[in-house]
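Participant: Okay, here's the structure, questions in a sec.
Coordinate-derived values only; no laboratory data. These numbers were taken from a predicted model, which means no experiment stands behind them. Quick reminder, even Gly has a Cβ in these numbers, built from the backbone with ideal geometry, and neighbours come from all protein chains shown.
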Amino acid sequence: MGGLTVFSALRRRLPGEDLLYLGDTARLPYGTKGSETIIRYALQATEKLVERRIKLLVVACNTATAIALPALQEAYAHLPVIGVVEPGAQAACEASRTGRILVLGTESTIRNQAYTRAIQALRPEARVTGISCSLFVSLAEEGWMDGPVMEAAAARYLAPVLGLPPATRPDCLVLACTHFPPLAPAIRAVLSFPLAVVDSAETTARAVESRLAGQGLFNPAPRNVFHFLTTDAPERFARVAGYFLSGPLAPESLELVVL
């Protein structure tokens, strides 16, 4: 479901493109699963999309990008494949003045250290702090974007950062899970000190636009046809999607598929 934040950014930035979205609701969350399982799921999901003749694949999940992107690029070498980690890392390096960067993500993303490697490849002196905030995924999918439960969870997760002396605090926050952008106001309120916030959805949309234009695949004519695939519970998918898309899904745009 979190990938819908990327979908929204693509819809705004690329009004001429048809967008096909697959939400693997039968097997979520990916963020707590092992690497082999994540790679297998990502390959199966991509095959379902390739069957429908996509021209570019966006891996709209930080965990799947961190773990499965190389396998996807190898298996589908004929297809442009863009993940969310590198665009987010580049934006963080540009936004941070001090090189102290805080990354919030799921357990698998933080454990894999994909953002740390990507950031330090661009800024070797950068000091990256990663915090796993897996509960944020469930809160986002329940629509609990603010309020006491969200604030308490954020305070608990961010306690190590809040305890730092002001001179050593990060000046840039990377929301390294596509579920997290709607939670940004609550997270910033708990942190309560100034810092730039990098939303991987927006940075990924810019990367997709650049790749389409660079490979002669860009469609400038406004049309925007949307179709959504889900692997379980389409009624719940439609309900939760409303939190991320700020409006209901048209029933004819949603299809149940089996992987």
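Participant: Mind checking which of THR63, THR37, THR109 has the largest fluctuation in a GNM of the chain, springs on alpha carbons under 10 Å?
Facilitator: In the Gaussian network model the winner is THR37.
Participant: Same structure again: With r defined as the distance between the Cβ atoms of ALA77 and ALA196 and R0 fixed at 35 Å, what FRET efficiency is calculated, to the nearest 0.05?
Facilitator: E(calc), rounded to 0.05, equals 0.50.
Participant: Here's a follow-up. Taking the Kirkwood radius as the inverse of the mean 1/r across Cα pairs, report the Rg/Rh of the range 85-200.
Facilitator: We get a ratio of 0.94 for the range 85-200.
Participant: Please give the residues of the range 68-94, grouped as numeric ranges, whose backbone N is less than 15 Å from a label point set 7 Å along the Cα-to-Cβ vector of LYS48.
Facilitator: What the label zone holds, given the 15 Å backbone N cut-off, is no residue at all.
Participant: I've got another one for you. Let me have the relative contact order for the range 131-220, percent, based on Cα pairs under 8 Å that are six or more residues apart.
Facilitator: Relative contact order here is 30 percent.
Participant: Mind sorting VAL81, VAL50 by how few other Cβ atoms lie within 10 Å of their own Cβ, fewest first?
Facilitator: VAL50, VAL81
Participant: Using Cα-Cα distances under 8 Å and only pairs 6 or more residues apart, what relative contact order does the chain have, in percent?
Facilitator: Reported as a whole number, the value is 31 percent.
Participant: Next up: Hey, got a sec? Which trypsin sites (Lys or Arg not before Pro) in the range 52-153 land in a DSSP loop and have at most 12 other Cβ atoms within 10 Å?
Facilitator: Passing sites in the range 52-153 are ARG52, ARG53, LYS55, ARG97.
Participant: Counting other beta carbons within 10 Å of each residue's own, what order do GLU36, GLU107 fall into, fewest first?
Facilitator: By the 10 Å Cβ count, ascending: GLU36, GLU107.
Participant: Across the chain, how large is the tail of the calculated P(r) beyond 33 Å, expressed as a percent of all Cα pairs? All intermediate terms of the calculation are to be shown ahead of the outcome.
Facilitator: Values: 5488 of 33411 pairs.
Considering the chain, 16 percent of its Cα-Cα pairs are separated by more than 33 Å.
Participant: Which of ALA75, ALA92, ALA154 moves the most in a Gaussian network model of the chain with Cα springs under 10 Å?
Facilitator: Among ALA75, ALA92, ALA154, the largest mean-square fluctuation in the Gaussian network model of the chain belongs to ALA75.
Participant: Which ordering of HIS227, HIS179, HIS78 is given by a fewest-first count of other beta-carbon atoms within 10 Å? Don't jump to the answer; show the numbers that get you there.
Facilitator: Values: HIS227 14, HIS179 27, HIS78 6.
So the residues, fewest neighbours to most, are HIS78, HIS227, HIS179.
Participant: Further question: So which trypsin sites (Lys or Arg not before Pro) in the range 180-255 are both in a DSSP loop and have at most 15 other Cβ atoms within 10 Å of their Cβ?
Facilitator: The qualifying sites are ARG223.
Participant: Okay, moving on. Which of LEU135, LEU102, LEU183 moves the most in a Gaussian network model of the chain with Cα springs under 10 Å?
Facilitator: Residue with maximal mean-square fluctuation among LEU135, LEU102, LEU183: LEU135.
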